[in-house]
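Below you'll find the structure, written out as structure tokens, and then a few comments.
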Amino acid sequence: DVYRSHPPDRALLEAFLALPPSYRRTVLLYDGVGLDLPETAAETQASTPAAARRLLHAREEIAALLPDLADPAVLHRRLTEVASAERLRAAKPPAVRLGSERRARFWTRAAIAFTLAVIGATALTLRTAPTKYEPPVPAGETVRGVPPKPAPGTLSDTELELRAKLRAQTAHGPERLLPETR
């Protein structure tokens with residue numbers, strides 16, 4: 001492996017891996033490949049000012065980690081040397097296609113599952129929701145001028161006499177029914 005045998009290459013790789021992916025792409029396209037700024041912005045799907053800011057911040061971070069690469073010309077030369085040191089092979093088309101198909105199948109199934117979950121939640125809501133509006137019961141309010149209902153308590157002597165008198169008299173109408181013992 002070229003990065004294990006050459007410590008400067010390993011340091012450059014570690015400096016690049018410390019960058020955010022969008023900064024990494026911008027520096028590699030601009031300083032490594034040699035695209036101009038508008039082309040780099042188009043490739044990274046960013047505006048030209050955003051690509052310029054990414055490039056400046058990435059260069060600052062690389063210069064902080066590797067001070068000898070602070071000059072953009074030196075960084076360009078160093079990236080060209082590292083890129084030409086080893087021939088990289090791209091993945092074979094069937095492997096790329098298989099990975100893309102798996103990813104597409106996964107996201108399609110996820111979208112179907114999410115859609116079914118939304119449909120199920122909607123059906124459950126329609127099934128369990130009330131069919132007519134029932135206004136909430138308002139909280140009780142005190143009415144002014146009406147005395148509170150008295151609580152039952154012990155009977156006074158007058159009330160006890162009245163009760164005894166009512167029980168002693170026969171009521172007009174049918175006699176009271178009493179249970180019979182068998």
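Quick note: the coordinates plus some simple rules give every number you see, no bench work behind them. These figures come from a predicted structure and were not determined experimentally.
Multiplying the sequence separation of Leu126 and Glu141 by 0.36 nm and subtracting their Cα-Cα distance, what value in nm do you get?
1.9 nm
What are the equivalent ellipsoid semi-axes of the chain, built from the alpha-carbon gyration tensor (square roots of five times its eigenvalues), in whole angstrom, biggest first?
Semi-axes, largest first: 93, 27, 19 Å.
Quick check: convex hull of the Cα atoms in the range 42-107, volume per residue, rounded to a whole Å³?
Spelled out: Cα convex hull of the range 42-107, divided by residues, is 157 Å³.
For the chain, what relative contact order do you get, as a whole percent, if you take Cα pairs closer than 8 Å and at least 6 residues apart?
Relative CO of the chain lands at 14 percent.
Can you tell me the 0 to 90 degree angle between the C-alpha axis of helix 7-17 and the longest principal axis of the chain, rounded to 10?
Here the helix axis deviates by roughly 40 degrees.
Using only helices, what value at 222 nm comes out for the chain when you add -39,500 (n - 2.57) per DSSP H run of length 4 or more and divide by the total residues, to the nearest 500 deg cm²/dmol? Present the calculation step by step, with values, prior to reporting the outcome.
On the way: 8 runs with 109 residues, N = 182.
The helix-only estimate for the chain comes to -19000 deg cm²/dmol at 222 nm.
Could you work out the percent of alpha carbon pairs in the range 57-144 separated by over 21 Å, rounded to a whole number?
Numbers: 2775 of 3828 pairs.
Tail of the P(r) past 21 Å holds 72 percent of the pairs.
Could I get the Rg over Rh figure for the range 15-78? Both from C-alpha atoms, Rh via Kirkwood, rounded to two places.
0.94
Can you run phi through the Karplus equation (6.51, -1.76, 1.60; θ = phi - 60°) for the range 72-84 and list ³J(HN,Hα) in whole Hz, with x for Gly and Pro?
Ordered by residue, 3J(HN,Hα) equals x, 5, 5, 4, 4, 4, 5, 5, 5, 5, 5, 5, 7 Hz.
How big is the convex hull of the Cα atoms of the range 95-160, per residue, in Å³?
It comes to 238 Å³ per residue, whole-number rounded.
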